[in-house]
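Peer 1: First the structure, then my questions, so here it is.
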Amino acid sequence: MPWYRSLDRQQWRTLIAANLGWLFDGYETYALILTVAVALHQFLQPTQYAQIPFYAGATIGITLLGWACGGILGGVLSDYFGRKRVMIGAILAYAVLTGLTAFSWSWISFALLRFCVGLALGSEWGTGTAMMAEIWPDAARGKGAGLMQCGLGIGFFLASAIWLFVSPAGPSAWRWMFLLGILPAFATLWIRRGISEPEKWQASDRERRAAVAAKAAGIPVDAHSEELTRFTLAQLFSDPKYARLTIVALLMSLTTTLGWWGISTWVPPYVGSLAAAQGLLAAQWAAIGGIAYNIGGVAGYALFGFFADAWGRRKVTIVYFAFSLVLTPALFLWSHSLPLVLVLCAVNAFFTNGQYTWMPVWLPEVYPTRIRATAISFVFNAPRFVAFLGPLFAGTLIVRLGGYGIAATVVGTIYVLGLVAAPFFPETRGKPLPEN
């Protein structure tokens, strides 16, 4: 039987809900990347325009900082209060806050709203990932995670396509991009009716509550029940096994996160700068570059899951890291022909974007249900406390070095860290999820 015929309606609905949540995150994130330079032209004085890469990097970095805080908080809340409930709250919050971003009146207000949007953005991914892992069958879990993760690329693609048509509307066109971000709020109505909490989480929650009640009543509990009563974030490091896994996972996550935010966020302005040098419209070519980049990204996200189910999580992750290391200078240094750059945008994104899928595929398979959302959210988001410096560092390098190429190549050496760390993470292909 083909893998897709073995899935029931609930599993398909879960995929759609998780994919939509990540799609909305992708749209909002890439809308910022595409419009931040245009917005800064309204907020800064003409004498400050040469510093726009620095301010753009700071704005993206502030968003990442909020994302890190909100992501960890969302994972913890999801383990205690349920995947579905936290997902609905996160989508509502970032839809409202994204709409408010359109009314920013200064760089300070813009940056503060971006931090708040980041809080809500970060809360959604961990809940959707845990929900997918706990509802989808073992044999198709990698494919499901890849199909969920490609929602981010679809959101990027959607933002690029809309910006292609909205950008000619004038200096305030960026505001319309964020106003459109209100639309995800309507999806929460369907999510509320269309899916239910995973049975694995419900069973884990009952066991946790029973352990807490027994301990509160003074009834002696065994070691496992004692562990259930501990704060989920503390459990990541109280057990040496999970502490070691978490450290290795954090190094891999830092590689993926710093690589993407420190390099890939500069693809649209880089393509725009090449077009401007040839007398073409920078904003439109930036959007075209974003479209090409995100076509490759969507394919990379989705196919990673299929590759991981066929050949293993570790092997595929290492291949993606290796190609990302090579293709960064290929895109930013070795070609300045627009047609060739567009092709390299797609190929580069296949690996630099697509490698994100290792986290929803691999992470849920090494942590038990009681701490799953906390663990994957912590690993996914904690590196942002470091990675938020990536756009700022890259923006400073671009200003000082007078271009994107060398700056992107310097930051791209981070992929060596992933190549070193990945072999130490356990292979989990075909294994059932660990229970409480």
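Each reported figure results from applying straightforward, stated rules to the coordinates on display, with no laboratory input. A quick note: this is a predicted structure, and the numbers were derived from the prediction, not measured. With ideal geometry, Cβ positions are generated from the backbone for all residues, glycine too; neighbour counts draw on all protein chains shown.
Peer 1: Straight-line reach from residue 200: which lysines fall under 17 Å, measuring Cα to Cα and dropping same-chain residues less than 8 apart?
Peer 2: 84, 431
Peer 1: So how far apart, in nm, are the two label points at residue 310 and residue 42 if each is 7 Å from Cα heading toward Cβ?
Peer 2: With each label point 7 Å from Cα toward Cβ, the separation is 4.7 nm.
Peer 1: Through the Karplus equation 6.51 cos²θ - 1.76 cosθ + 1.60, θ set to phi - 60°, convert the phi angles of the stretch 203-211 into ³J(HN,Hα) values in whole Hz; use x for Gly and Pro.
Peer 2: 5, 5, 5, 4, 5, 5, 4, 5, 5
Peer 1: Oh, and also: Using Cα pairs under 8 angstrom and six or more residues apart, how large is the relative contact order of the stretch 11-167, in percent?
Peer 2: Relative contact order for the stretch 11-167 comes out at 45 percent.
Peer 1: Same structure, new question: The stretch 168-236 to the stretch 326-342: how many Å between their Cα centroids?
Peer 2: 42 Å
Peer 1: If you don't mind, another one. Which residue fluctuates the most in the chain, going by a Gaussian network model with Cα springs under 10 Å, if the choices are 53, 426, 198?
Peer 2: 426
Peer 1: Let me ask you something else. Over the stretch 9-424, what relative contact order in percent results from Cα pairs under 8 Å that are six or more residues apart?
Peer 2: 28 percent
Peer 1: Any chance you could check the Cα centroid distance between the stretch 100-123 and the stretch 1-39 for me, in angstrom?
Peer 2: Taking the Cα centre of each part, the stretch 100-123 and the stretch 1-39 sit 22 Å apart.
Peer 1: Further question: Which residue fluctuates most in the GNM of the chain (Cα springs below 10 Å): 416, 379, 267?
Peer 2: Its mean-square fluctuation being the largest, the pick is 416.
Peer 1: Mean-square fluctuation check for the chain, GNM, Cα pairs under 10 Å: which of 328, 265, 229 is largest?
Peer 2: In this elastic network of the chain, the residue with the biggest mean-square fluctuation among 328, 265, 229 is 229.
Peer 1: Using 14 Å as the cut-off for backbone N distance, which residues of the stretch 192-227 belong to the label zone defined by a point 7 Å from the Cα of residue 9 along Cα→Cβ?
Peer 2: 193-196
Peer 1: On to the next question. Please compute the length gained on full extension between residue 231 and residue 333, using 0.36 nm multiplied by the number of residues separating them and subtracting their Cα-Cα distance.
Peer 2: Stretched out fully, the residue 231 to residue 333 stretch lengthens by 31.9 nm.
Peer 1: Determine which residues of the stretch 9-46 fall in the zone a paramagnetic label at residue 186 would reach in this model, i.e. backbone nitrogen under 18 Å from the point 7 Å along Cα→Cβ.
Peer 2: Label zone hits: 17, 20-25, 27-28.
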